1. Taking the options VAL217, VAL223, VAL187, name whichever one is of a type in the set (Val, Ile, Thr), within 23 Å of the chain's Cα centre (by Cα), farther than 15 Å from HIS68 by Cα and at pLDDT 95 or above.
2. Among the residues that make up the stretch 75-89, is at least one of them surrounded by fewer than 23 Cβ atoms within 10 Å (Cβ to Cβ), outside the structural domain of PRO328 (by TED's automatic domain parsing), of a type in the set (Ser, Thr, Tyr) and assigned to a loop (DSSP other than H, G, I, E, B)?
3. Step by step: first the residues of the stretch 262-296, then only those that are crowded, with 16+ Cβ neighbours inside 10 Å and among the β-branched types (Val, Ile, Thr), then the one that is nearest to ALA340 (Cα to Cα). Which residue is that?
4. Is at least one residue of the stretch 320-338 more than 23 Å from the chain's Cα centre (by Cα), surrounded by 15 or more Cβ atoms within 10 Å (Cβ to Cβ) and in the same structural domain as LEU433 (by TED's automatic domain parsing)?
5. Would you mind stating whether SER95 is hydroxyl-bearing (Ser, Thr, Tyr), in contact with a Phe, Trp or Tyr (Cβ under 9 Å, 6 or more places away or on another chain) and either surrounded by fewer than 24 Cβ atoms within 10 Å (Cβ to Cβ) or at pLDDT 95 or above (or both)?
6. Might you check whether a residue that is under 24 Å from HIS172 (Cβ atoms), modelled with pLDDT of 95 or more and in a loop (DSSP other than H, G, I, E, B) occurs anywhere in the stretch 296-311?
7. Condition check: modelled with pLDDT of 95 or more, in contact with a strand residue (DSSP E or B) (Cβ under 7 Å, 6 or more places away or on another chain) and either at negative phi or not in a helix (DSSP H, G or I) (or both). Does VAL429 satisfy that?
8. Note down all Cβ pairs under 8 Å where the first residue falls in the stretch 34-56 and is over 12 Å from VAL218 (Cα atoms), the second is assigned to a loop (DSSP other than H, G, I, E, B) and small (Gly, Ala, Ser), and they're at least six residues apart or on different chains.
Amino acid sequence: MRGKNLVAVLVTALAFAWPVAVPAAPEIESDVVEATLDNGLTVLVLEDRRAPVVANMVWYRVGSADEHSGVTGISHMLEHMMFRGSEQYEPGEFSRIVSRLGGRENAFTGRDYTGYFQVIGRDHWETVMAMEAERMQHLRLQEDEFRPELNVVKEERRLRVEDQPNSLLREHVMATAFFNHPYGNPVIGWMSDIEAYTLEDNQAWYDRYYHPNNAVVVVVGDVDAERVIDAAREHFGDIPAGELADAKPRAETPQKGERRITVEAPAELPYLMMGWKAPVLNSVADPVDAYALMVAAGILDSGEASRFAREIVRGEELAGATSARYSPFSRLDDLFLIAAVPTADTDVGTLEAALLEQVERLKDEPVSDRELERVQARVIASEVYQRDSVRSQAFQLGMLQTIGVGWQEGERFVERVRAVTAEDVQRVVREYLVPQRRTVGILDPQPLDSEAPPDPGAVQPYGDTAGGV
């Protein structure tokens with residue numbers, strides 16, 4: 001991402017043949033208008049006339065999950081280069097035009113996608129749409145632009161990962177949990193691969209994945225849907241579809257027992273992270289499993305009334321911060337993650353036992369109706385709040401469509417969460433949160449370098465997006 005991280009609408013999300021095992025659902029009545037152009041481009045439009053503002057997004061179905069050893073992080077590197085000139089626009093001119101029109105722009109790379117967006121006044125959305133169409137087909141990669149941008153990416157990795165001990169631990173946990181599953185590679189890439197990038201690597205990635213039949217255009221805001229579809233045909237319709245190679249299957253090697261890793265890094269405090277391999281909407285036979293895992297994460301940690309906050313932070317005073325997170329919205333199976341920072345008087349082993357005790361309680365005792373309803377209401381309220389802006393609505397539509405579950409899943413979100421029962425939560429925790437699926441990572445703090453940035457000493461975000469300049 002260029003600038004600040006984009007906040008995921010539902011949760012962070014992330015090959016072109018993904019198994020969708022979700023049963024057929026009834027037709028969804030929605031204001032979303034969908035069209036597919038002759039070249040395979042998907043266009044999604046949602047009219048929202050509450051303000052004279054429009055979000056324009058272009059999503060490509062390529063991210064770090066599509067990369068292989070030697071070019072990890074290349075999707076993110078290409079994201080940077082998309083702003084460094086095309087046949088029609090000089091380096092940086094794209095951004096200058098958006099700024100001159102009073103708009104904001106950014107880009108993001110995830111495990112399952114790469115996206116570009118502008119938030120702009122309603123009179124200028126077609127201008128930025130045309131600009132996106134131009135660089136979809138006519139990117140101009142130049143060596144004198146590539147080398148400085150490569151240094152920017154290397155520095156980004158140093159600042160976001162290597163100088164942040166909690167982020168470094170998370171990277172090692174993912175690499176330990178997944179042997180041959182692509183989510184074991186960081187979105188930003190390994191430094192050794194970044195240092196070896198060539199301009200030809202970027203060109204090859206662009207030529208392989210940046211095609212209309214591998215993209216989704218999303219427009220949300222004060223627009224007329226029919227006019228947007230016509231404009232998309234005008235600006236994108238003549239771009240030829242590309243030859244998309246079938247992705248090789250990359251099923252994870254079955255885990256044979258708990259895995260543990262210790263990372264030694266300069267830090268003020270220890271940090272504990274545990275992750276269990278868990279299915280997602282794209283892989284479960286019944287979507288209730290995925291939503292029940294989401295509710296289970298909410299029971300453990302979703303505000304001051306959640307179990308971690310009540311029992312471990314305030315009650316036993318074993319942790320200064322905790323977190324539990326699971327997202328059903330990714331292309332491939334992911335992790336159910338728990339993380340915590342122990343208090344000064346607590347050793348990591350004691351904290352780990354206390355966290356696992358709360359997980360076991362979910363297996364042994366069905367959650368009460370009152371607690372379940374509270375967590376469901378919190379999850380739903382968070383989702384509804386996130387839909388308030390045109391940008392977040394566009395992000396939700398694009399993310400769901402790009403990962404393969406379809407934008408309609410966002411319309412089902414509230415009913416899916418409300419349908420989760422106490423028995424569902426107990427069942428999925430018993431099935432998936434077991435030692436054989438678990439990877440444990442511990443940050444062993446080493447003396448701080450006087451010039452090193454301070455350790456924030458709090459649970460770090462689990463986001464799987466990488467940023468740019």
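1. Details: VAL223 fails: within 23 Å of the chain's Cα centre (by Cα); VAL187 fails: farther than 15 Å from HIS68 by Cα.
Selected residue: VAL217, the only one of VAL217, VAL223, VAL187 that is of a type in the set (Val, Ile, Thr), within 23 Å of the chain's Cα centre (by Cα), farther than 15 Å from HIS68 by Cα and at pLDDT 95 or above.
2. Within the stretch 75-89, one or more residues are surrounded by fewer than 23 Cβ atoms within 10 Å (Cβ to Cβ), outside the structural domain of PRO328 (by TED's automatic domain parsing), of a type in the set (Ser, Thr, Tyr) and assigned to a loop (DSSP other than H, G, I, E, B).
3. Out of the qualifying residues, it is VAL263.
4. As a first pass, look at the stretch 320-338 and keep what is more than 23 Å from the chain's Cα centre (by Cα): 320.
If we keep only those that are surrounded by 15 or more Cβ atoms within 10 Å (Cβ to Cβ) as well, we get 320.
If we keep only those that are in the same structural domain as LEU433 (by TED's automatic domain parsing) too, we end up with 320.
Yes, the stretch 320-338 has at least one match.
5. On the way: hydroxyl-bearing (Ser, Thr, Tyr): yes; in contact with a Phe, Trp or Tyr (Cβ under 9 Å, 6 or more places away or on another chain): yes; either surrounded by fewer than 24 Cβ atoms within 10 Å (Cβ to Cβ) or at pLDDT 95 or above (or both): yes.
Here the answer is yes, as SER95 does meet what is asked.
6. As a first pass, look at the stretch 296-311 and keep what is under 24 Å from HIS172 (Cβ atoms): 297, 300-301, 308.
Among the residues that remain, those that are also modelled with pLDDT of 95 or more are: 297, 300-301, 308.
So of that shortlist, the ones also in a loop (DSSP other than H, G, I, E, B) come out as 301.
Yes - at least one qualifying residue is present in the stretch 296-311.
7. Values: modelled with pLDDT of 95 or more: yes; in contact with a strand residue (DSSP E or B) (Cβ under 7 Å, 6 or more places away or on another chain): no; either at negative phi or not in a helix (DSSP H, G or I) (or both): yes.
Spelling it out, it is not the case that VAL429 is modelled with pLDDT of 95 or more, in contact with a strand residue (DSSP E or B) (Cβ under 7 Å, 6 or more places away or on another chain) and either at negative phi or not in a helix (DSSP H, G or I) (or both).
8. Here the result reads LEU37/GLY237; ASP38/GLY237; ASN39/GLY237; ASN39/ALA241; GLY40/ALA241, each pair linking the stretch 34-56 to a residue that is assigned to a loop (DSSP other than H, G, I, E, B) and small (Gly, Ala, Ser).
The values are calculated or read from the model by the stated rules, or taken from the named source; none is laboratory data. Bear in mind that the values here come from a model prediction, so they are computed numbers and not experimental data. Don't worry about glycine lacking a Cβ; one is built from the backbone with ideal geometry, like all the others, and counts go over all protein chains shown.
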